[in-house]
Protein chains: 2
Amino acid sequence: MVGIREIAKNAGVSISTVSYALNGSSKVTEETRDRILAIAKELHYTPNIAGRTLKKQKTNIIGMYVTDFGGEFYSHMIDGVASVLKQHHYELIVGTGGGRSRSFISQRFVDGAIILDANFTDDLIHNYADDGSKLVVMDREMKNKNVRHVLLDNAEGARQAIAALNDANVDHFVLVTGPTDSFDSRIRLQAAIKQVEQMTGKTILVIPSDFTIAGGHRAAKSIIEMSLHNIGIFALNDEMAIGLYEEFTANQVIVGQYVKIIGFDNDMLGQYLRPQLTTVDYSKHHWGEVAAETLISLLEGDKVDNQFIHTKVIHRGSLGESQN
Amino acid sequence: MVGIREIAKNAGVSISTVSYALNGSSKVTEETRDRILAIAKELHYTPNIAGRTLKKQKTNIIGMYVTDFGGEFYSHMIDGVASVLKQHHYELIVGTGGGRSRSFISQRFVDGAIILDANFTDDLIHNYADDGSKLVVMDREMKNKNVRHVLLDNAEGARQAIAALNDANVDHFVLVTGPTDSFDSRIRLQAAIKQVEQMTGKTILVIPSDFTIAGGHRAAKSIIEMSLHNIGIFALNDEMAIGLYEEFTANQVIVGQYVKIIGFDNDMLGQYLRPQLTTVDYSKHHWGEVAAETLISLLEGDKVDNQFIHTKVIHRGSLGESQN
DNA sequence: TTGTAAGCGTTATCAA
DNA sequence: TTGATAACGCTTACAA
């Protein structure tokens, strides 16, 4: 490990001069700066971040916490986060709150964090925030001076889904839910029910499920047993919609005709179903960008509000739409 | 930010006593320890990692670098890495070498790193290693005292793929490659050619492509134009195989009959094709585990060799196999 | 323009 | 068993 002392010795100057030179201060002559820079390069000098952090009390690193690293879901979002942070000269590290790396927040290893991770309880987040950490949450509502939420407009998406089913002239509305402890599921369900009631007054059947493909299988079995006609299913996420497809197909129930399905999330797999899955979409990249911008405003002391991300329906055929 | 000084003041002891108590040293009486711990808790004390790092010259954090966060490919691998690191009390952070976070390595922000990221050049990795960083690479061969590679046995996988095609009694072998700068592609291609020659002496057609779905489309078009009969295609990754499927299907060429396809990687999407894609599989989770174990051995100064991960063929129907 | 020295929060050596 | 103090690598106010 070569540090500024060694460079100073080699250059025949003091460590402060080295520090000034390295940080581009105008206090040193161009000549000494060049000399020092050359020596630093020759010695493969890289600043020790621990030393700097200790002094500056700031790492310029942002932590992002996700429940797991699975799936393309997070991919675009993280890209969005990273692109904005880069512009503002922040570095991004990604971890999962399940590990101990969440302690990076309280240890000030990160200047702030973006949380989309069920491993964090609300209480824990409040504790961090009350100790002064600046946070953005993407999977829950939260009211705290040091926290902002950047949320998908789940209610809007649910209303759009119901409207789309209604446009497809279904007679029965079936809602397949996620787990009860899911914030997204609760909001989507609530908004969907309300929308059906306001829009149509038709019957609503709620099938509790769990956001998984297997959950979709089970839901499809229940639906088949009831042998209703002309039903429209709003699967509160696409994974379950895939499960529904698989089970219906196995039972010769044709999606888009006897049963109409709309999902939520625009999972890539939906494009590989036949007919392709109609779903509620939103830009994950944009969501990430907004989260990052919000966190930076928070860090820089700017006034900033909670944010919402808009949704829209992508029609692909599973409501019986004609495809071009 | 409450530190050990403040705790010391509250407890009426010196900072060193606090440090001992906090670190569970047997030098302090149980009584004072308990008192100090209680005060620390009350004050919401969390150790400042920069201070500790500066003193210990060790962070207990491992960095993992991936090209992008996309897809389920990395997901299982990272899980494998994380599980092993956890056992050894290391923390994992994940970044991409495209950003500046790769400087964490030279800055000693991480004790070691696992690299599976085309953003790093071989030279850069050598530089880090020559400066003393311990590294494991998963996407290239590398000979350096401080580096080990943990690689997929690409050659074995390619031989298995060719053997499977041969068992399916194809007359022509078509190889669809990845980009020429891909290490995986080069090894797979080389081993596949050799295996065809040794096993059969039949004709080999190599179609250069790029590991993408679009590349698969283009390759399929070339193949259709040639109107050969009874051909077996080894797509050097599954994404291209998906592209092949799509294009063949659009041209009424039935996969598993007129054309037989085997892929590589066991991408999840392969299960959604009809017939399902036969492919060369390997455990990504295990791969990650081995990489982590290798890095830890390297960090602890244990003697450790380069490692290889085995492959096997999963038969699903795209070679015309009968499915149960 | 350059140097001296204090201080960031922690650990660890040595003395008491 | 506890305390005083140096040290880790860096930045920065102040002195020269």
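The values are calculated or read from the model by the stated rules, or taken from the named source; none is laboratory data. The structure presented is a predicted model; accordingly, all values stated were derived computationally and were not measured. Ideal geometry is used to build each Cβ from the backbone, glycine not excepted, and the neighbour counts take in all protein chains shown. Remember, those area values only see protein heavy atoms, side chains included, never the ligands or the DNA or RNA. Shrake-Rupley method; radii C 1.70, N 1.55, O 1.52, S 1.80 Å.
See the values below:
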quantity	calculated
Residue match in the range A:54-74 (condition: of a type in the set (A, V, I, L, M, F, W, C), within 15 Å of DNA strand C (Cβ to nearest atom), free of Cβ contacts under 8 Å to residues at least 24 places away in the same chain and open to solvent by less than 30 Å² (accessible area, probe 1.4 Å))	no
Which numbered condition A:Thr46 misses (of (1) within 16 Å of DNA strand C (Cβ to nearest atom); (2) within 10 Å of another protein chain (Cβ to nearest Cβ); (3) out of contact with any Phe, Trp or Tyr (no Cβ under 9 Å at 6 or more places or on another chain))	(1)
Residues of the range A:220-241 classified as surrounded by fewer than 24 Cβ atoms within 10 Å (Cβ to Cβ) and in contact with a Gly (Cβ under 7 Å, 6 or more places away or on another chain), total	0
Total residues in the range A:175-216, condition assigned to a helix (DSSP H, G or I), among the small types (Gly, Ala, Ser) and surrounded by fewer than 21 Cβ atoms within 10 Å (Cβ to Cβ)	2
Subset of the range A:267-289 (residues that are buried (at least 22 other Cβ atoms within 10 Å of the Cβ) and more than 14 Å from the chain's Cα centre (by Cα))	A:Gly270, A:Leu273, A:Leu277, A:Thr278, A:Thr279, A:Val280
Where A:Ala292 falls short, out of the listed (1) in a helix (DSSP H, G or I); (2) surrounded by fewer than 21 Cβ atoms within 10 Å (Cβ to Cβ); (3) small (Gly, Ala, Ser)	(2)
Enumeration of residues in the range A:76-100 that are under 30 Å from A:Thr180 (Cα atoms) and either crowded, with 24+ Cβ neighbours inside 10 Å or among the aliphatic types (A, V, I, L, M) (or both)	A:Met77, A:Ile78, A:Val81, A:Val94, A:Gly95
Count of residues meeting criterion [open to solvent by less than 20 Å² (accessible area, probe 1.4 Å), over 15 Å from A:Gln190 (Cβ atoms) and not in a helix (DSSP H, G or I)] in the range A:146-167	4
Test: A:Ala118 is on the phi < 0 side of the Ramachandran plot and either assigned by TED's automatic domain parsing to the domain that holds A:Leu205 or open to solvent by less than 40 Å² (accessible area, probe 1.4 Å) (or both)	no
Enumeration of residues in the range A:14-31 that are among the hydrophobic types (A, V, I, L, M, F, W, C), open to solvent by less than 40 Å² (accessible area, probe 1.4 Å) and either within 7 Å of DNA strand C (Cβ to nearest atom) or not in a helix (DSSP H, G or I) (or both)	A:Val28
The range A:1-13, residues that are assigned to a loop (DSSP other than H, G, I, E, B), crowded, with 16+ Cβ neighbours inside 10 Å and out of contact with any His (no Cβ under 7 Å at 6 or more places or on another chain)	A:Val13
